[in-house]
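What follows is a short report on a single structure.
The values are calculated or read from the model by the stated rules, or taken from the named source; none is laboratory data. No experiment lies behind these values; they were computed from the predicted model shown. Backbone-built Cβ (ideal geometry, glycine too); neighbour counts: all protein chains shown.
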């Protein structure tokens, strides 16, 4: 290779007589588009393998042997290539292909949902012949057939581009649809008795270039030209970029937007179709309070706010700031989170604040660990360590991206999980770690364990995993594998890894909305906005806020325990439903019963909000504006598409009004102004402007310009920090000089090694999650609600014999703190001596077995059939 | 006895000496398909000789013999072998036994009557290119061929000609017999590879999927036709020069042709390549024996249903690849289909087009939609519901599948199946346009000047 090769080599070619340049290996179709010439296409999709099927992108290419028609989607640009995209042979070929495609395509555009945004329609207008010479009878198939609960297929409209079938096979890994028959009888269809039940089926509807695939929630709802569209962010942990389509103040559909850094245009069906909940008739629209007989009755907003303020005032006066606690906020925008952090910590001066429901990880750990991006996890040559549940169930688009990277052989996956996951078959090494053993197994990976087995894993498997770890750049996907074990094991494992591999990066997989963003905005005990602590930044924030908590507060479990002890008088629930979500049901029930006043801000009636003393209806997704921060720490725009119902407030407004009633001015007037204040005060957000976040589809990765060690390391490696906001970095650096420091790895203490569990019972419980559960949003989306199925207890097939129970038998499961009866199902993905039960599915509740005091949940299983 | 043998002309072998033959010389030998019969007539001698030489020398020998591929494209086998990128392992050898071109049944005969010759050919080819695994893909409908090949493979394994350490050398080869599922398109090498991998038989685009570079399971793969490989034992035994002497180099050796249609004795004939003329193979008594009932010849297809048609004036062309190519058609799979004066050309076209429409895999739009459209227009024409514009329409549909209607065809498709359907229509419309016009209803045949008066 030449030494003076330019940093960004380009391949020069001739496009329609003018000079053009492409990246090496770039496909001609992309290179032409980049150079300003759009080549028509149907089958080509930039996120999938090219197949060259539709023949629409034929162009004349001359590589020295004379011009020949070539599909631009299958050809990489080579130097000196001469490309004609509009010569007479090209025009003739494209006309011909369009005429062929239209031969059997029903011209039912007036009743077709795709009409108005149909690539076939558009390209026929732009490139096609004016009329058809086809006088024979068109091909007929039964009109739309449902191929799943959500998707309809109209085979007459299908132009056989292979996009949906390729997506199902190649991207989602669920080849439930495919081609059948051949020639002009070729059709896409499902296999007999096997519906297109995929978590990702909605993507096929979005990428269908005609109206062959339609989704139930949008069918016949609108014409595309009547829709208003804004780019926003779906409030899930990955922060999928979406476009929201609405008409007449109703959201009618959501589509994925191709953000290179985030979701590549994909969405899981749950997120795609959950907009239905926004318009659910069960939405809370009136503020409520308790009447004298204890019933929830409607109040005016001012009366409700007044009641809330009075309760807060009374608790503060009588019992001090520690008697007030706040749970939730993970589902909100960063601005709402900041406003509530400021109210709780700067006005009420309580540190009893937690956005997580006992299902996350300690805020300090997450803030201090070097943060990875999704791209880091998928990068070629890297190793991904999975210390989390099944990504497919909880982080759909991250699953798709990581799966693609594994399929392409780019990244290598090492799994340390209690159950097999959907990626296990692609993993380089997949180890079954018993609940509670994560830290011990990581210790074993870092040392060289002796003997045959360690923690139930063969030593040679550990050695193989260990070799994998030391080879390549490491990204740890760090979450909770199960709600039936305490977070300490995972936290200890992560800190051990971070200390052993200084270059390792961590992606904290907290599944609940913007939970990571909430921690970074201070909605966690001992934290203040900007990945900083009360100890380090208390004085800094006191300067601006007027107050800050005097002493460190409690996390969710601590708050609930304190409530049971009578120490918490007022509990504020920010869109939180601890009665459903907190893993220890007995504790949360007792706590909610003990609190004198529950102030709930929620959009829906939930098990918790129904028990509130003051209920304030709040805006949901689509109704509020702000900024979403995902697990990477990436800030992206959330836009408002519809007006919330009368009487519904946005969460930050409630915070401001409550402060006002308590006699304080939060000084917050709009999401933009809130963001700007946070940017001014927080070491993490410094330099990330409101407009900067909105200027890029990928948003801004934080910290953007913080001169911390990580950024300097990046710079030293010759890589500019990934994204810089528009602000001059010098200002940011100057401002940063006086900012409090963000948490660093060195600030973390290694949690105690959890006591080796004593196997009192024969099984360890794994409480995991499924995509479709009885969660609030799914339950209120009619198209999704039926998909939650009561869970069964999953056991390894070999354990059925050991227990002497039959398949599908009812078993009774007993732990030290409770008992349930549930039917048992064999599942190869569960290892022997483990029992898995999904949370919140409307069936038997694993939370009845879990105690937040115990590091793991051991259970005894006996047949309950006589 | 196979149906074929009983059908083959008694006269065919009477004049042609067995010593003139290469691949069909055991055709009439009783028990020639068994290992015993094969060994008795010099079988596996080529393998022994090949194993005594380095693989590169064997490859050179084949290259020198100018063994043109007998599947259709006629590309020199030795050159093809050389396209494997060096030092990329493993490599695979795939035998294309999915003979489905209408009018072609020579490979079936070779597999049925001389399976060991094919196996020996596979062994020699695999040894020369360095393949340790060979896949024998045989068309699904050829039950007897599959049966005989399976029996022969079992015999060869038992006798130590297949498996590990063959004939005491360190050369190892396994051959897997894979029956097809009845798709014409799988005769196309990349579609065959897709099918072998367990997917729908649909062609891959070349580039990047040139099998020699990126073939079966993404590895370098040599795909050879049954007849091509069956020539190898003879070439290794007798040498490249003797092979070349049989024909008219570069059309070296012999070639097996199948003659069908309106002739007295249709059948399979092995003739010196590049020497015998069409007139001889159609009219000579020891070949096809002339036209049925002495009707005059109307047209003939020289190389399978995909090839443009030839006529009276082409009869004296030798069966030589280059000369036939220059004349605007191809020898293709060696299927000569003869049509006499009684042939209704539009119906013959319809018959051929219908075949291609049904066999289109459905991948490329122009082939999937275009061939069916051609069939529909012809069907309407034959039913007496044609329009004067239909003839130009047929030509233009053809042009949209195969731009310019030139030969060799340009394609808007991945593989040549679509353009194959174009060949008969282009040939027939060019020569017999009046026959198509005769199918137009009376009313529409009026001069256009008169129709303008109406209304």
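Values as computed for the structure displayed
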{"read-out": "Selected residue (only one of B:213, B:191, B:244, B:183 is surrounded by fewer than 18 Cβ atoms within 10 Å (Cβ to Cβ) and either over 18 Å from residue B:122 (Cα atoms) or within 14 Å of chain A (Cβ to nearest Cβ) (or both))", "value": "B:213"}
{"read-out": "Unmet requirement for residue A:143, which otherwise passes all of (1) without any contact (Cβ under 8 Å) to a residue 60 or more places away in the chain; (2) over 24 Å from residue A:253 (Cα atoms); (3) more than 14 Å from chain B (Cβ to nearest Cβ); (4) part of a loop (DSSP other than H, G, I, E, B)", "value": "(2)"}
{"read-out": "Residue in the range B:6-36 that is modelled with the highest pLDDT, counting only those that are under 25 Å from residue B:246 (Cα atoms) and assigned to a helix (DSSP H, G or I)", "value": "B:20"}
{"read-out": "Every residue from the range A:274-289 that is surrounded by fewer than 18 Cβ atoms within 10 Å (Cβ to Cβ) and closer than 17 Å to residue A:308 by Cβ", "value": "none"}
{"read-out": "Hits in the range A:66-83 - residues which are over 39 Å from the mean Cα position of the chain (by Cα) and either buried (at least 18 other Cβ atoms within 10 Å of the Cβ) or more than 15 Å from residue A:28 (Cβ to Cβ) (or both)", "value": "A:66, A:69, A:70, A:81, A:83"}
{"read-out": "Candidate set from the range B:376-389 (those that are in a helix (DSSP H, G or I) and facing chain A (nearest Cβ under 9 Å)); member that is surrounded by the most Cβ atoms within 10 Å (Cβ to Cβ)", "value": "B:377"}
{"read-out": "Unmet criterion (only one of (1) touching a strand residue (DSSP E or B) at 6+ places or on another chain (Cβ under 9 Å); (2) closer than 30 Å to residue A:44 by Cβ) for residue B:335", "value": "(2)"}
{"read-out": "Of residues in the range A:188-209 being surrounded by fewer than 18 Cβ atoms within 10 Å (Cβ to Cβ) and more than 19 Å from residue A:273 (Cβ to Cβ), the one farthest from the other protein chains (Cβ to nearest Cβ)", "value": "A:193"}
{"read-out": "3 or more residues surrounded by fewer than 20 Cβ atoms within 10 Å (Cβ to Cβ): qualifying strands (runs of 3 or more DSSP E) within the range A:757-848", "value": "A:810-814, A:819-826"}
{"read-out": "Criterion: away from every other protein chain (no Cβ under 14 Å), in a loop (DSSP other than H, G, I, E, B) and either touching a helix residue (DSSP H, G or I) at 6+ places or on another chain (Cβ under 7 Å) or free of Cβ contacts under 8 Å to residues at least 40 places away in the same chain (or both) - qualifying residue of A:137, A:117, A:131", "value": "A:117"}
{"read-out": "Wholly enclosed strands (runs of 3 or more DSSP E) of the range A:2-103 bearing at least 3 residues away from chain B (no Cβ under 14 Å)", "value": "A:11-15, A:18-22"}
{"read-out": "Positions within the range A:604-618 being surrounded by fewer than 24 Cβ atoms within 10 Å (Cβ to Cβ) and touching a strand residue (DSSP E or B) at 6+ places or on another chain (Cβ under 7 Å), in sequence order", "value": "A:611, A:613"}
{"read-out": "Subset of the range B:396-418 (residues that are touching a helix residue (DSSP H, G or I) at 6+ places or on another chain (Cβ under 6 Å) and more than 11 Å from chain A (Cβ to nearest Cβ))", "value": "B:405, B:409"}
{"read-out": "Qualifying residue in the range A:155-171 (condition: away from chain B (no Cβ under 13 Å), surrounded by 24 or more Cβ atoms within 10 Å (Cβ to Cβ) and either in a loop (DSSP other than H, G, I, E, B) or free of Cβ contacts under 8 Å to residues at least 40 places away in the same chain (or both))", "value": "yes"}
